[in-house]
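I have placed the structure first, in the form of structure tokens, so that the comments after it can refer back to it.
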Amino acid sequence: MADLTSLRRWVPSIFIEDICPNPRARPEDWIATHPNGAKWLFSDDVCEQQPVRVDIGDIVRFNWVVDHGTFEITLHPNGSWSCDDALPEGANGFMEPSDTDTYAETMDEFASNYVAVGRNTEDEPCYVKVLTWSDDLYFRLHKADGSKLVFSQVAMANLETQKTPTPQVVNGHSAGLSFIGLRAANIARQKIWCPDPNQQPDLAFRGIELAGETGEALNVIKKLERENRGWVGSRSTKQDLADELADVVICADLVSLSAGIDLDQAVRTKFNATSAKVGIPVTLGPSQEA
Ligand SMILES: [Mg+2]
């Protein structure tokens with residue numbers, strides 16, 4: 001199979017709709033800077049995709065696409081097809097040029113759709129644009145060479161299919177959950193939860209939210225302590241405490257996201273600084289994911 005790496009062009013996954021903006025040479029080519037310094041993924045094509053705010057440390061999904069050009073296909077009335085040229089191996093996008101309504105993931109599907117709408121009663125030539133799309137790939141936005149913003153691919157499985165986090169070992173300690181994975185999931189969920197880029201929760205909201213979840217955790221601890229002491233009143237369980245502590249961690253990541261903090265790095269740095277301060281030789285190693 002020919003190496004088509006140099007032909008790959010990139011699109012943020014969130015912009016891929018029926019009308020997809022023109023792909024660009026590199027993921028970084030989508031970054032636009034607002035006069036106030038904020039970074040956005042910005043589609044300036046004639047599309048309706050809303051700009052998406054991004055910050056240092058964010059995980060963003062991209063897909064690459066290779067355009068193999070146009071092939072002349074002969075469509076037969078029985079729904080089959082033939083082509084004098086070999087179609088590119090692995091191609092998974094077939095459409096009539098400029099007609100996204102005809103898009104199909106296989107040539108067989110394209111041909112049968114063509115017949116299904118009653119368009120051919122005899123062998124008919126048809127020009128078909130052939131594409132290969134990648135799966136969703138995850139990239140992290142960071143600064144290189146001082147100030148240049150770049151996206152670096154994050155070596156982790158597609159989050160939507162990664163139901164069980166892959167345990168990783170950090171300095172001998174099993175760390176099954178990753179802050180990078182949590183950040184990616186928080187970003188993906190927030191885009192659905194708060195879709196309007198002009199109405200995004202700010203740092204103040206996130207801070208109040210974190211305080212609220214911390215209070216909920218403390219209320220559970222109060223009830224557990226009440227039970228320990230045999231006093232009357234409502235009760236809580238260890239599971240209730242687990243739920244609220246999980247909310248605290250999730251909210252801490254959302255605060256970090258609002259403040260532009262790389263929580264993964266911040267935890268490693270702070271943990272190691274505290275160990276050094278108190279003279280305990282237990283440290284967290286560098287991230288295994290980025
Ligand atoms: Mg809660």
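The values are calculated or read from the model by the stated rules, or taken from the named source; none is laboratory data. The model shown is predicted, which means the values in this text are computed figures rather than measured ones. Cβ atoms come from the backbone with ideal geometry, glycine included; neighbour counts cover every protein chain shown.
Residues in the stretch 206-221 that are more than 12 Å from the ligand (Cβ to nearest atom) and touching a residue at least 12 places away in the same chain (Cβ under 8 Å): how many?
To start, the set of residues in the stretch 206-221 that are more than 12 Å from the ligand (Cβ to nearest atom) comprises 206-208, 221.
Still in the list and also touching a residue at least 12 places away in the same chain (Cβ under 8 Å): 206-207, 221.
Total meeting the criteria: 3.
Residues are listed down the side, and each one gets a yes or a no for (1) at pLDDT 80 or above; (2) farther than 19 Å from N186 by Cβ; (3) in contact with a His (Cβ under 7 Å, 6 or more places away or on another chain):
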{"site": "C47", "(1), (2), (3)": "no, yes, no"}
{"site": "I56", "(1), (2), (3)": "yes, no, yes"}
{"site": "N63", "(1), (2), (3)": "yes, yes, no"}
{"site": "V66", "(1), (2), (3)": "yes, yes, no"}
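Among the residues of the stretch 81-106, the ones that are in contact with a His (Cβ under 8 Å, 6 or more places away or on another chain) and assigned to a strand (DSSP E or B) come to 1 in all. If you check D18, D55 for being under 24 Å from the mean Cα position of the chain (by Cα), loosely packed, with under 14 Cβ neighbours inside 10 Å and closer than 30 Å to P195 by Cβ, only one passes: D18. Limited to the stretch 70-114, what total is found for residues that are of a type in the set (G, A, S), within 16 Å of T132 (Cβ to Cβ) and out of contact with any strand residue (DSSP E or B) (no Cβ under 7 Å at 6 or more places or on another chain)? The total comes to 1.
Would you check if L254 is outside the structural domain of D202 (by TED's automatic domain parsing) and within 26 Å of L141 (Cβ to Cβ)? Reasoning before the result, please.
On the way: outside the structural domain of D202 (by TED's automatic domain parsing): no; within 26 Å of L141 (Cβ to Cβ): yes.
Spelling it out, it is not the case that L254 is outside the structural domain of D202 (by TED's automatic domain parsing) and within 26 Å of L141 (Cβ to Cβ).
Whether a residue is crowded, with 16+ Cβ neighbours inside 10 Å and of a type in the set (K, R) was assessed, and K148 does not pass this test. Reported count of residues in the stretch 226-280, each being without any contact (Cβ under 8 Å) to a residue 60 or more places away in the chain, within 16 Å of the ligand (Cβ to nearest atom), in a helix (DSSP H, G or I) and surrounded by 14 or more Cβ atoms within 10 Å (Cβ to Cβ), is 10. Looking across the stretch 187-205 at every residue that is among the polar types (S, T, N, Q) and part of a loop (DSSP other than H, G, I, E, B), the one that is farthest from the ligand (Cβ to nearest atom) is identified as N198. Of the candidates F94, F62, the single residue that is within 30 Å of W193 (Cα to Cα), crowded, with 16+ Cβ neighbours inside 10 Å and in contact with a helix residue (DSSP H, G or I) (Cβ under 7 Å, 6 or more places away or on another chain) is F62.
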